[in-house]
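Structure first, commentary second.
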Amino acid sequence: MNSNPSQNNRVLSGMRPTGKLHLGHLHGVLHNWLELQHTHECFFFVADWHALTTDYDNTQIISQSVTDMAIDWLAAGVSPSAATMFVQSHVPEHAELHLLLSMITPLSWLERVPTYKDQQEKLKEKDLATYGFLGYPLLQSADILVYKAGNVPVGEDQVAHVELTREVARRFNFLYGKEPGFEEKAKLAIGKMGKKNAKLYREHRKRYQEQGDLESLDVARALLESQQNISIGDKERLFGYLEGGGKIVLPEPQALLTKASKMPGLDGQKMSKSYHNTISLREDAEVVAKKVRTMPTDPARVRRTDPGEPEKCPVWQFHEIYSSDEVKTWVQEGCRNAGIGCIDCKQPVIDAIENELKPIRKRAQEYAQDESTVHSIIKEGCEKARDVARDTLDDVKQAIGLSYW
Ligand code: TRP
Ligand code: SF4
């Protein structure tokens, strides 16, 4: 449950700079972002500091990877007028909040994050017994909380990090949400809503607190939501007062689970750079055709006359993503009765990928030839992000008691 619905509409998500993106990113993450940018206030960022938590010994490539990633986002359709795109390290407030949160985060919370042990196991050749690596889920929490984001689109592997973020936010609010004179300030704020609304708020708060009436909680929240005449600070107080706690300084985010990408790699395993089975978003048409033509097929089809089974063939998985029912039936029948050859079968896939990539490739080329435009888009995004992040840090410091002079 999100404790502050006024923040529900903001979305934050980030990607580590891995360089050029591929079809797996497009179908797994980017399509989701493209939808969200029209329905939510979106902040998308390149998590360059996160790259350092594992690749601290290979930092020279980061800057080009950041640019390449930004180009691919834009080429895929992330729109700078609909979403704020920025780079983490250009918004130092992420680091400042990370530091402040580190003071209140028990070590055991970080040690039990599943990715901590998993990744250390996976990347055995690397020394990941570092302070930064242990703390990286908390850095992610800071990434999210510094925008008071209500929603975080992530894959399954990242849900535990959003969960940690919720716990950290709760702990922060518990420790610092009780400003001096909270109750008096909340009561004053109720008065500012006008007589009728104040009465409604009091009634519903009472019904929620005394009888646990969740409907009353919803009604009171909606009422607060619609208030135009009270300050954001007062609103946050009243959201907190409603639930019986203190002021909610850092709202708890929700994970928006991104469906796992259905995009398989050229070999049928998950598409991933480390498996060398990708088609990049900027791949040349001829290279796409060649990669698909050399894809393995059902090994039973040694000769053109041997029947096959689509379920045993990675090309079929591509048809499932790209092809119409009509084409799919043609594949199923033609494969099983050897009516078509594998080269025939692959052609509609080649055409469909080309259709999808053609406009993306073109836009990417344009941006790649004009990196200064990309950099100014990012720069502008960084400024917008910083304004929001600064406001949060003001609230956070105020709550902790660090805003003197
Ligand atoms: N840790 C994420 C990953 O490896 C990237 C990331 C960093 C992120 N900060 C974030 C994702 C904040 C969502 C929200 O994929
Ligand atoms: Fe795979 Fe198509 Fe060949 Fe069947 S006909 S084995 S589905 S490529």
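The values are calculated or read from the model by the stated rules, or taken from the named source; none is laboratory data. Please read all numbers here as calculations on a predicted model, not as lab measurements. With ideal geometry, Cβ positions are generated from the backbone for all residues, glycine too; neighbour counts draw on all protein chains shown. Ligands, DNA and RNA are stripped out before the accessible areas are found, and what is left, the full protein with its side chains, is counted by its heavy atoms. Shrake-Rupley method; radii C 1.70, N 1.55, O 1.52, S 1.80 Å.
A compact table of results
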{"item": "Neighbour cut-off at most 11 other Cβ (10 Å), DSSP loop, trypsin sites (Lys or Arg not before Pro), region 100-131", "result": "124"}
{"item": "The chain - share of DSSP beta bridges that are antiparallel (%, nearest 5)", "result": "10"}
{"item": "Mean ellipticity per residue at 222 nm, deg cm²/dmol - from DSSP H runs of n ≥ 4 across the chain, formula -39500 (n - 2.57)", "result": "-18000 deg cm²/dmol"}
{"item": "Sequence-distant lysines (8 or more away, or on other chains) whose Cα lies within less than 27 Å of residue 235", "result": "148, 178, 185, 187, 192, 195, 196, 199, 206, 247, 384, 397"}
{"item": "Rounded percent of accessible protein surface that carbon and sulfur make up, the chain, 1.4 Å probe", "result": "52"}
{"item": "FRET efficiency, residue 226 to residue 259 (Cβ-Cβ, R0 30 Å, nearest 0.05)", "result": "0.35"}
{"item": "Top of 159, 78, 327 by mean-square fluctuation, Gaussian network on the chain, Cα under 10 Å", "result": "327"}
{"item": "Listed residue (99, 238, 79) projecting farthest to the positive dipole end of the chain, Cβ model", "result": "238"}
{"item": "Integer Hz, Karplus 6.51/-1.76/1.60 couplings in order for region 116-122, x for Gly and Pro", "result": "4, 6, 4, 5, 4, 5, 5"}
{"item": "Nearest-ten-degree value, helix 214-225 long axis tilted from longest Cα axis of the chain", "result": "90"}
{"item": "Dipole magnitude of region 282-368 about its Cα centre (Cβ charges: Lys, Arg +1; Asp, Glu -1), debye to nearest 20", "result": "320"}
{"item": "Of the GluC sites (Glu not before Pro) in region 105-157, those whose Cβ has at most 16 other Cβ within 10 Å and which sit in DSSP loop", "result": "125"}
{"item": "Most mobile listed residue (329, 84, 258) in the chain, GNM with C-alpha springs under 10 Å", "result": "329"}
{"item": "Student exercise, region 253-312 dipole from Lys, Arg, Asp, Glu Cβ charges, in Debye to nearest 20", "result": "60"}
{"item": "³J(HN,Hα), Karplus 6.51/-1.76/1.60, whole Hz, each residue of region 53-67, x for Gly, Pro", "result": "5, 10, 10, 5, 9, 9, 9, 5, 7, 4, 5, 5, 5, 5, 4"}
{"item": "Contact order relative to length of the chain, as percent, for alpha carbon pairs under 8 angstrom and 6 or more apart", "result": "23"}
{"item": "Residue of 75, 222, 285 that the Gaussian network model of the chain assigns the largest fluctuation, springs spanning Cα pairs under 10 Å", "result": "222"}
{"item": "Accessible area of region 282-368 divided out per residue, in Å², using a probe of 1.4 angstrom", "result": "56"}
